[in-house]
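Read the structure below first, then the notes.
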Amino acid sequence: MIELLNIIFSSLIMFLLFNSSQVLLLYKENQNILKNININLIIFFNISLFFSFVDNGIKYFTYLIFLICFLNSISFFKNLKNYFYILFIIINFVLFLKISSDPSLAWDGIGNWYPKVYNFFLGFSFFDLTETPRPTYPHLGAFIWSLFWHISIIDYEYLGRFIYIFSYISSLFLIIYNNQDTDIKKLSLFFILLIISFDINLFKGYQEYLIFSLFNIFIYLYYNEKNELNLSIISLLIINSAIWFKDEGLIYSFPIVLMVLLQKQKLLSYKNFYYILIYILILIFKFFIVTKLLPFVEVGGFSMDKVLNEIFNFTTFKTDFTLIVYHFILSFFKYPIWIFVILFLIFPEKKIKKSKIYKYSNYLFVYLLIVNFMIFHLQDPTILEWQLSTALDRLNLTFSGYFIYFVYLNFRSYSSKYFSNAKSL
């Protein structure tokens, strides 16, 4: 009973923290609760990054979180009048209970991420990570995990992982919430998206769903946010979060930069210049801080010399290509979302085929194939198959965040046609 009350308390903190109609004092978006929640999440990730560099940052941030929860309490109870928001809470809570019923960690969670989580939980900062395994691995997911663990009443680490589920479910609800469909159709589409993209094992300490959620949020806002300045700011905050969640966040977030720069026909503009400048400063800050931690910086576990040598190594190209293609196909069957991505790229709904999202989804798919091939081509050939079998499916799931809105639009359009034809019979 005490554990259940603790789960309820930890859940309530999360719902209070992110539900405000005033998006952390930036601007009001009263008509879309889910948009508020997702933008608040992105801003929260970036504030968390700041506190992760401060000794006892987890303690100071906790005080701020309780203050925000208090200020948001009125808007939270107002939002409870919204039927869909209540469903959002219920679905999150059911999945929280699912985690609590089996709170075990997977091997990556135990070996690479939990030591970082415990570092922050004890009140240490980013600069104390030198004693943890792979200290240059991005740490932001670990800090957020430790933060919500610290906020809980009872000392159970799995409570910190609720934020991973919350981010994932929030991003799915975002894309189905603000349209004219019936509630039944919205929920049906939500559960389809959930079924084809959900893997409970990835909530056992892995970081993939954090970046998946960021990419999903960006794509939705890219096609629906009317204020260009807001989109530019949010996209930079998304990039800054992604590169501190996982190493792959750096290269996987590059399409965001291109899409924002190409949003208007005029590529050479002051707006784009400032955007590129801030993007470069974000990257410089990342590499500067990491070199403060370790003087010798590796990129994804490789020295720059090895990257340059392997990228032009064609002696293993044929073997690498065969293995990578084989495991690509296997990974597409592990997460059904990829079956639908490929299906809708080949057979898009007629209106969607003429839209920008279809063209960009094709470009993104090609980018994924090239980038993932290069990532694994750089691996030691003696362990390549092991690396592919343990990592490629998770990398592909991470990148699928770019496609889930595209899949949703196709499902929605095809279902509308089907029901329209059925009525006419």
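Of note:
- Among the residues of region 346-371, those identified as open to solvent by less than 20 Å² (accessible area, probe 1.4 Å), within 11 Å of PHE406 (Cα to Cα) and part of a helix (DSSP H, G or I) are ILE352, ILE357, SER361.
- Helices (runs of 4 or more DSSP H) enclosed by region 135-250 - at least 1 residues per element that are open to solvent by 10 Å² or more (accessible area, probe 1.4 Å) and within 22 Å of PHE61 (Cβ to Cβ): 140-151, 228-245
- Some residue of region 64-78 being more than 20 Å from PHE162 (Cβ to Cβ) and either in contact with a Phe, Trp or Tyr (Cβ under 6 Å, 6 or more places away or on another chain) or not in a helix (DSSP H, G or I) (or both): no
- All of (1) buried (at least 20 other Cβ atoms within 10 Å of the Cβ); (2) more than 18 Å from ILE7 (Cα to Cα) hold for PHE88 with one exception: (2).
- Annotation: of all residues in region 113-129 being open to solvent by 60 Å² or more (accessible area, probe 1.4 Å) and in contact (Cβ under 8 Å) with a residue 40 or more places away in the chain, the one that is farthest from TRP244 (Cα to Cα) is PHE124.
- Scanning region 64-85 for residues that are farther than 23 Å from LEU193 by Cβ and open to solvent by 70 Å² or more (accessible area, probe 1.4 Å) gives PHE66, LEU67, PHE70, LEU71, ILE74, PHE77, LYS78, LYS81.
- Qualifying positions in region 251-270 - in a helix (DSSP H, G or I), under 16 Å from GLU228 (Cα atoms) and open to solvent by less than 80 Å² (accessible area, probe 1.4 Å): ILE256, VAL257, LEU258, MET259, VAL260, LEU261
The values are calculated or read from the model by the stated rules, or taken from the named source; none is laboratory data. Fair warning: this is a prediction, and the values are worked out from it, not measured in the lab. Heads up, the Cβs are rebuilt from the backbone with ideal geometry, glycines too, and the neighbour counts pull from every protein chain shown. These accessible areas exclude ligands, DNA and RNA; they are computed on the full protein's heavy atoms, side chains included. Shrake-Rupley method; radii C 1.70, N 1.55, O 1.52, S 1.80 Å.
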